[in-house]
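Data first, discussion second: the structure below is written as structure tokens.
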Amino acid sequence: MTPIWRNRKFFPILGQVIAAFIVAIIVMILWHNLIYNLHRLGLQLGFDFLQFQASFDIGETPIPYKSSDSYSRALLVGLVNSLRVIVFGIILATIIGITVGVGRLSDNWLVRQLALVYVEILRNTPLLLQLFFWYFAVFLTLPKTENQISLLGFININNRGVTLPFGIELSSELSTLILGLTLYTGAFIAEIVRAGILSVPKGQWEAARALGFKPNLMLRLVIFPQALRLIIPPLTSQYLNLAKNSSLAIAIGYPDIYFVASTTFNQTGRSVEVILLIMVTYLTISLIISSGMNLLNRSVQLKER
Amino acid sequence: MSSFKSQKPTILQWLQKNLFNNWYNSILTVVCLWLLFFGIKGILTWVLTQAKWQVITANLSLFFVGRFPQQLYWRLWLALFIILGLFGLSWGTFTKRLPRQMNSWLPFGWALSFPIILWLIGGGFGLQPVESNLWNGLLLTLVMAVISIVLSFPLGVLLALGRQSQLPVVRWFSILYIEIIRGLPLIGVLFFAQVMLSLFLPVEYRLDRVLRGIAGLIFFSAAYLAENVRGGLQSIPRGQIEAAKVLGLNAPLTVLLIVLPQALRAVIPALVGQFIGLFKDTSLLSIVGLLELTGISRAILAQPQFIARYAEVYLFIAFIYWVFCYSMSLASRRLEKELGVGQR
């Protein structure tokens, strides 16, 4: 009879048992430490604190909220604030990214250079720093409401925020966050768009030209649909980055979900529960974005057999 | 045809071809020139007349090394000298100005320089110790970025191999780790490292702020690195593994000698991109209270005589970040060309 270690399945199974054993021991030690440390600090695990009175004010409340409401209500307000940033951000970053990406390939030398400078500056400096810059050095130094700047005659900008004609008012924190996130993410999207367009075979351009397409129609009907196949997967990860980066709101005081969760932690000391909430929230947001993008991805892929 | 191409276009021809070749490009050019004119005029007026650059000149040492004791600056200069020396030698062999044989011992030089430089910065073993809360500014940014990437590299490679493993248990643990970390914002991971790491460790272990920051960066970076390396692993043709098997290599040796070197070479651009990202991400540590480049800038802005000089300070440190990140991406492009990624 062959010894058991000669069996081909022996080592893989042994390896897995050892791996599972090691992980289990590590988890047990960490868990033990956690319970011990929490006990020492007089804390208990549990989500009951969510029903307690939050008793802090939130600067921006798209849904009704007052400081006598519960922590869960406050977190909900934060979530809605986050979603506002993420949705606006994704739309605007896509527009900027496509514009600049096409600009990088323009046959106009000046446009090409400007797009390149934009991409290289924005991509090579930290987003946090850009947010600080837009907020402290730009938005807060804008003129007061009395002599606000008017763009194109209908967008009003002052140091309290941005007002659009159809009744939309954005606070300076929200405007900064959207501006910073879109300009930063737009630079990355631009490079993705450029690579996608460059990946379309030359023959496609020539064929479209031979069929008499005008340049913009050619781009829209022939080149772009094919480029999308290459663009969508990396674009998805840029959207995910944007969603996660929206948590930098805390640096400029915009009350997004991370901001509210962190305030909750400061008041209650419930670090384990708060980090779990943050995890679940962002994982859910990420999941929604990536499954939406995967649907889109499936619709543009080559249909083969 | 060739004689036509080699002719140098006159300025007018160039302008016509590149800026005014049709009506909408002409409009675009004019609009861009108009924007450029007002943009540059505004910036120049601000830089030359309104900006007060004293906030930079007065705090130069704070920006670079923070509160590092002044009488010990020589140690930092020595560290810088070692790095620049090694860098020069590497560049020399890389561009083939120095003999190729240097290549064999240069990696050891780099590996050896790592602990020596840390020793020069931190002291101990005969040198006067400097506590890590005194390493600030650019010094701290560089130390954290380098340590984090060096330490997250092996972890990332292990996770990538784990994710590709045939063993379901190992694979699922790797996937769980990678996906959870990648689903979290970095600031959440840093929060975890600053606040909760000590809850998971025995009471005797007290990591200082800098170490906790580095731990957070490593947790975060390893997950992303793993995904990049996985891309490289997937690009290795089956034939390579089968050939190794035929030659009688066992599984660990196949991975170590055949698969990993090729996979890592294929993902060099992604790895450099990741290091650039990590370098920028160190700025987030200012939110959890560390005084790296961004953090020390906020401290400088809190000085009463320099209040509200945001634009000057932020532009200055943005320039520092930019120089580092941009030169890294240039170097990576050069390296990529030299190694023939995508050609062999």
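The values are calculated or read from the model by the stated rules, or taken from the named source; none is laboratory data. All of these numbers come straight from a predicted model, not from anything done at the bench. Every residue, glycine as well, gets a Cβ built from its backbone with ideal geometry; the counts of neighbours run over all protein chains shown. Ligands, DNA and RNA are stripped out before the accessible areas are found, and what is left, the full protein with its side chains, is counted by its heavy atoms. Shrake-Rupley method; radii C 1.70, N 1.55, O 1.52, S 1.80 Å.
Okay, here's what the table says:
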quantity: Accessible area buried, both sides summed, chains B and A with 1.4 Å probe, Å²; calculated: 4600 Å²
quantity: Over the range A:1-45, equivalent-ellipsoid semi-axes from the Cα gyration tensor in Å; calculated: 41, 7, 5
quantity: Selected from B:Val157, B:Val65, B:Val203 as most flexible by GNM, with chain B as the system and alpha-carbon contacts under 10 Å; calculated: B:Val203
quantity: GNM result for chain B, Cα springs below 10 Å: residue of B:Glu131, B:Glu292, B:Glu204 fluctuating most strongly; calculated: B:Glu204
quantity: Translational diffusion coefficient (Stokes-Einstein; Kirkwood radius from C-alpha pairs) of the protein assembly as shown at 25 °C, 0.890 mPa s, in µm²/s; calculated: 87 µm²/s
quantity: Accessible area (Å², per residue) of the range B:1-134, counting only protein heavy atoms and a probe of 1.4 Å; calculated: 74 Å²
quantity: Compactness index (Cα Rg / 2.2 N^0.38 Å), the range B:200-274; calculated: 1.55
quantity: Of B:Lys96/B:Lys245; B:Lys17/B:Lys41; A:Lys303/B:Lys337; B:Lys96/B:Lys337; A:Lys202/A:Lys303, those spanning more than 24 Å from alpha-carbon to alpha-carbon; calculated: B:Lys96/B:Lys245; B:Lys17/B:Lys41; A:Lys303/B:Lys337
quantity: Relative contact order (%) - chain A, alpha-carbon pairs under 8 angstrom, separation at least six; calculated: 20 percent
quantity: FRET E, pair A:Leu43, A:Ser68, Förster distance 22 Å, beta-carbon r, rounded to 0.05; calculated: 0.35
quantity: Rounded to whole Å, sorted largest first: equivalent-ellipsoid semi-axes of chain A, Cα gyration tensor; calculated: 41, 36, 16
quantity: C-alpha center-to-center spacing [the range B:137-174, the range A:234-295] in angstrom; calculated: 23 Å
quantity: Distance between modelled label sites at A:Gln301 and B:Asn22, nm, 7 Å Cα→Cβ extension; calculated: 3.6 nm
quantity: The range A:11-33 and the range B:305-334: distance between their alpha carbon centers, rounded to Å; calculated: 45 Å
quantity: 1.4 Å probe accessible area per residue over chain A, in Å²; calculated: 53 Å²
quantity: Whole-percent pair-distance distribution, where bins are 5 Å wide, for the alpha carbons of the range B:134-339; calculated: 1, 7, 13, 15, 16, 14, 12, 9, 6, 4, 2, 1, 0, 0, 0
quantity: Local net charge near A:Thr145, Cβ-Cβ under 13 Å (Lys/Arg +1, Asp/Glu -1); calculated: 0
quantity: Residue with peak Gaussian network fluctuation, chain B [Cα springs, cutoff 10 Å], from B:Met102, B:Met144, B:Met328; calculated: B:Met102
quantity: Whole-number Å³ per residue for the convex hull built on Cα positions in chain B; calculated: 258 Å³
quantity: Burial of 20 Å² or greater, the range B:289-323 residues [accessible area, probe 1.4 Å, versus chain by itself]; calculated: B:Thr294, B:Arg298, B:Tyr310, B:Ala311, B:Tyr314, B:Leu315, B:Ala318, B:Tyr321, B:Trp322
quantity: Chain B: DSSP helices with Cα axial extent of at least 27 Å and average Kyte-Doolittle hydropathy no lower than 1.0; calculated: B:23-45, B:73-94, B:102-122, B:137-164
quantity: Shielding by partners, peptide A:106-116 (average Cβ within 10 angstrom, other chains); calculated: 5
quantity: Separation of alpha-carbon centers, the range A:68-123 and the range A:204-233, rounded to whole Å; calculated: 25 Å
quantity: Carbon plus sulfur fraction of accessible area for the protein assembly as shown, probe 1.4 Å, in percent; calculated: 69 percent
